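Derivation of every value follows stated rules applied to the coordinates shown; laboratory data play no part. Treat the numbers as computed from the prediction; the structure is a model and nothing was measured. When we count neighbours, we look across all protein chains shown, and the Cβ atoms used for this are built from the backbone with ideal geometry, even at glycine.
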Amino acid sequence: MSTQTNRLWIKNPLAIHTNSACDARGGLVIESGRIAELVPSGAEPTQPWDSTFDAREHVVIPGLINTHHHFYQTLTRALPEALNKELFPWLKSLYPVWARLEPEMLSAATELALTELLLSGCTTAADHHYLFPKGLEDAIDLQVAAARKVGVRVTLTRGSMSLGEEDGGLPPQSVVQTEAQILADCERLVKRFHEPGDGARVQVALAPCSPFSVTTDLMKATAELAEQYDVRLHTHLAETLDEEAFCLKMFGMRTVDYLESVGWLQPRTWLAHGIHFNDDEIARLGKAGVGIAHCPSSNMMLASGICQVQTLEAAGCPVGIGVDGSASNDCSNMIQEVRQAMYLQRLRYGSSAVHHQHALRWGTQGSARVLGRDDVGELAPGKQADVALFKLDELRFSGSHDPLAALLLCGAHKADAVMVAGEWRVREGMPLDIDTDALIAKHQDAARRLASN
Ligand SMILES: [Zn+2]
């Protein structure tokens, strides 16, 4: 089966999600890795085509975009010592386990997380990797290799922790690095791997872990480096009230004031969670164009609170969706996460205010904006051909009427076909070029070794 396309017509879908009002009921045409045209209902493409994909049983959406994850955490899913805890005690129980992470474990975890995401319709994924214990200094290099193998676009963030327990931080000393080590590696990675612009497969962003694990100086120096190399900035912020209390005690200010004080209140920045903001802070974040990665499952799992997605969007913040690390949302399923976002936001804003189209937009175009991209996240002419196609042929969909609504309401969890840059990566529900049984065996073994060391 060829994975390449010349001029491919994805014809007459059961339903299609576009952000524009235009009629695309006739499907879309893919050429040279991009969307060449949208086809109106009952029409044919304006130019000749070489091949056709009959999509009459498929719901077609833009490839989903995950804005926050910790791939390595797939190795510590449902770990007994971390169950039923809130953020800080949860982290404290996991840090010693994570500190034993080895290179081949991270490779397996990255490959597995990306494959799992891909199968859920995800075509671009951000990862926040901040663990660099001795022997794992090349963590991001390993992740780049795994991402190329799976064929998903990635924004790999070079995370960091510099404030260990001995200096009032949360992580153990064995996983913190010096600021000089961190900054030198950030620079090396951006130079080596970051692809700027349209169609990028690998992008690098800089990502101190959180205010409670890095120093103020590192936050400032990282922002300067991001400016110098024109890359994005990422961190966790305002996830829990514990964190707010920590910021007040440690820095004498609330989280957004702290963010501003270190030069991060700016459009390069996107924040994981962004839950505990007051009205004034939301207005400032919106004005600055700071992006938010909404992680509903993780926020429910750790009982962190409910992000004010619609208020943040109205203020001017790009908002996208993230599955978060697999220790706080044990599955990495992007279409399920979009469903969770719809339901959690309904709890805050009401059923009539949050539609399935809103949630799909957050997981596609919204997430693209959060990652600073305008070439993905939308089915429109000229955009990258990143497409996810779902079949509604399981028991859970039987009896459903509106196919696009059914995708979320009935709980779709697995794409039938997924394309990245015009190249098929999933067909008939199976990833191409990846032996999932062998991958699971390798990953299970790594997880067992990590937990039992
Ligand atoms: Zn996280």
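Would you mind computing Rg(Cα) / (2.2 N^0.38 Å) for the range 64-370, counting N as its residues?
In units of the 2.2 N^0.38 Å rule of thumb, it is 0.90.
Could you grab the relative contact order for the range 1-110? Cα pairs under 8 Å, six or more apart, rounded to a whole percent.
24
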Links that overshoot a 22 Å alpha carbon limit, given the list Lys92/Lys249; Lys92/Lys134; Lys92/Lys414; Lys220/Lys287; Lys191/Lys220: Lys92/Lys414
Rounded to 10°, Cα long-axis angle of helix 179-193 versus longest principal axis of the chain: 20
Amide H within-cut-off set for Val202, under 5 Å, with H built and near neighbours excluded: Val154, Glu195
Antiparallel content of DSSP bridges confined to the chain, in %, to 5: 40
The chain, dipole about Cα centre (Lys/Arg Cβ +1, Asp/Glu Cβ -1), debye to the nearest 20: 460
Burial ordering of Cys209, Cys331, Cys295, Cys247, fewest other beta-carbon atoms within 10 Å first: Cys331, Cys247, Cys209, Cys295
For the range 345-453, convex hull volume per residue from C-alpha positions, Å³: 195
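Based on DSSP H runs of at least 4 residues, each adding -39500 (n - 2.57), what is the mean residue ellipticity at 222 nm of the chain after dividing by all its residues, to the nearest 500 deg cm²/dmol?
Mean residue ellipticity at 222 nm (helix-derived): -10500 deg cm²/dmol.
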Among Thr255, Ser352, Met301 the positive-end extreme of the charge dipole of the range 64-370 (Cβ point charges): Ser352
Rounded Å value of the spacing that divides the Cα centres of the range 110-184 and the range 349-365: 30
Among Val204, Phe88, Ala108 - extreme Cα towards positive end, dipole of the chain, charges at beta-carbon: Ala108
